[in-house]
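The values are calculated or read from the model by the stated rules, or taken from the named source; none is laboratory data. All values reported here derive from a predicted model rather than from experimental measurement. Don't worry about glycine lacking a Cβ; one is built from the backbone with ideal geometry, like all the others, and counts go over all protein chains shown. Ligands, DNA and RNA are excluded from the accessible area calculation, which covers all protein heavy atoms including side chains. Shrake-Rupley method; radii C 1.70, N 1.55, O 1.52, S 1.80 Å.
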Amino acid sequence: MMRCLAQEVLLFYPQAWRERYASEVSDLIRARPARLPTVLDLMRGAVDAWLHYRRVPGAGPFPLAMILFGMLPLPTIAANEPTMADNVRTSVSTLAVGAICNGLGWLSVAALVVPGLPKASGGFVAVVAASALLSVGMSTLVARRAIQRGRAALGRLGPA
Amino acid sequence: MARRTQELGRFTDVALLVLISLAEGQKHGYRMINDIEEFSGTTLEPGTLYGALMRLEERGWIEAVDSSERRKPYRITESGRGALHEQLTTLRRVEQAGSRRAAWGPA
């Protein structure tokens, strides 16, 4: 049971990590006794691998867009379940605040980048600008969608 | 030790154990866990071990050895030996200071 669970936890690691280490760790899980601490340790390792994504050998750019796209269906699914309306309200607030903070975060990046623009390469400016556009665009989309769905869920709970 | 391994965070001690284990020869994860358990009494779980291996590889202190086997062995590099030597020197200094102050060892 614990061994199966431990194997499943490997799915939560970043893809680059899995490509590099998963077969070795999987083999290790099969060869050694798997207990609850093993599973918890692997879960902690998965969080660590995501937090230190750039340390993973062969890791490409952080899959931010994929994560944001993955977040979109969550409020939709939850909003269709009336019993989860309170949770939806809390989560949409969090998402909206997160999206606003993301936008504000890019303002500080812009404030730091602008003074160095004359010396910066075209490629660097293009990458930063594209990242800012993508990030703010996706955040706005998430916030807008989340707020719409949250309102819809609350509307269904109102007096008939 | 402090300066070179500061960024290893909670993996500092595990990284030291891994470097000591690999100092006597290349090993794969399973053998490393058994060896570390034997010489230090510390049982490492896979998530912790591979968190440390990832960081050590990133710093170039260890490297994976090409192998056709499913279990990939790792070996310590020259810079890894240097880092290990530095860490052990610091530990020795700490141990001497501790013993002196606690009056257990030679005055």
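Brief remarks follow.
- If you check A:31, A:46, A:6 for being in contact with a Phe, Trp or Tyr (Cβ under 6 Å, 6 or more places away or on another chain) and either surrounded by 17 or more Cβ atoms within 10 Å (Cβ to Cβ) or of a type in the set (Phe, Trp, Tyr) (or both), only one passes: A:46.
- Scanning segment B:43-69 for residues that are of a type outside the set (Gly, Ala, Ser) and more than 10 Å from every other protein chain (Cβ to nearest Cβ) yields B:56, B:61, B:62, B:63, B:65, B:66.
- Number of positions in segment A:38-56 that are farther than 22 Å from residue B:31 by Cα and facing another protein chain (nearest Cβ under 7 Å): 4
- Within segment B:48-66, considering residues that are free of Cβ contacts under 8 Å to residues at least 24 places away in the same chain and open to solvent by less than 50 Å² (accessible area, probe 1.4 Å), the one nearest to residue B:29 (Cα to Cα): B:50
- Selected residue [exposed (fewer than 14 other Cβ atoms within 10 Å of the Cβ) and either part of a helix (DSSP H, G or I) or at pLDDT 80 or above (or both)] from A:92, A:97: A:97
- Only one of the listed residues (A:3, A:35) is within 11 Å of another protein chain (Cβ to nearest Cβ) and modelled with pLDDT of 85 or more. That residue is A:35.
- Residue in segment B:72-83 that is among the basic types (Lys, Arg), farther than 26 Å from residue A:27 by Cα, in contact with a helix residue (DSSP H, G or I) (Cβ under 9 Å, 6 or more places away or on another chain) and more than 10 Å from chain A (Cβ to nearest Cβ) present: yes
- Selected residue (criterion: surrounded by the most Cβ atoms within 10 Å (Cβ to Cβ)) from residues of segment B:26-43 that are in a loop (DSSP other than H, G, I, E, B) and in contact with a Phe, Trp or Tyr (Cβ under 8 Å, 6 or more places away or on another chain): B:28
- Test for residue B:78: is it modelled with pLDDT of 90 or more and acidic (Asp, Glu): yes
- Residue check: residue A:13 meets all listed conditions (1) at pLDDT 85 or above; (2) within 14 Å of chain B (Cβ to nearest Cβ); (3) open to solvent by 30 Å² or more (accessible area, probe 1.4 Å) but one, namely (3).
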